[in-house]
């Protein structure tokens, strides 16, 4: 079978990795991820616990890859977004409102302060 080109991507907050590979047609998503070598860079997580996707859509690990696929390794969420919003609401905050008790300031405050000092 002819070889096909695919990409495998994985991102941590401080580092992003992208590998382009030539794999045999008929290879599965899990086989391609294993061949990429990115599993060694994963922080204490195994492939069994990871969710995989192709172009932003979750796929099964046994899915056959196609030429041009971009296989994405998704990290587990540290906090469910709904739970994060609930916790913010309990403190009287929203996702866009800074928490001044934590020393956060509005970016608009910083902009107006910067503009007023240049006058």
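Read-outs throughout are calculated quantities, based only on the coordinates presented, and are distinct from any laboratory measurement. Remember, it's a predicted structure, so these values are computed and weren't measured experimentally. Glycine gets a Cβ as well: all are built from the backbone with ideal geometry, and neighbour counts include every protein chain shown.
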Sorted largest first, extent of the range 3-74 alpha carbons per principal axis (Å): 31, 20, 20
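Compute the relative contact order of the range 3-74 as a whole-number percentage, counting only Cα pairs closer than 8 Å that sit 6 or more residues apart in sequence. The partial results should precede the final answer.
On the way: 122 pairs, mean separation 30.1, N = 72.
Reported as a whole number, the value is 42 percent.
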How would you order 72-83, 21-32 from highest to lowest mean count of nearby Cβ atoms within 10 Å? 21-32, 72-83
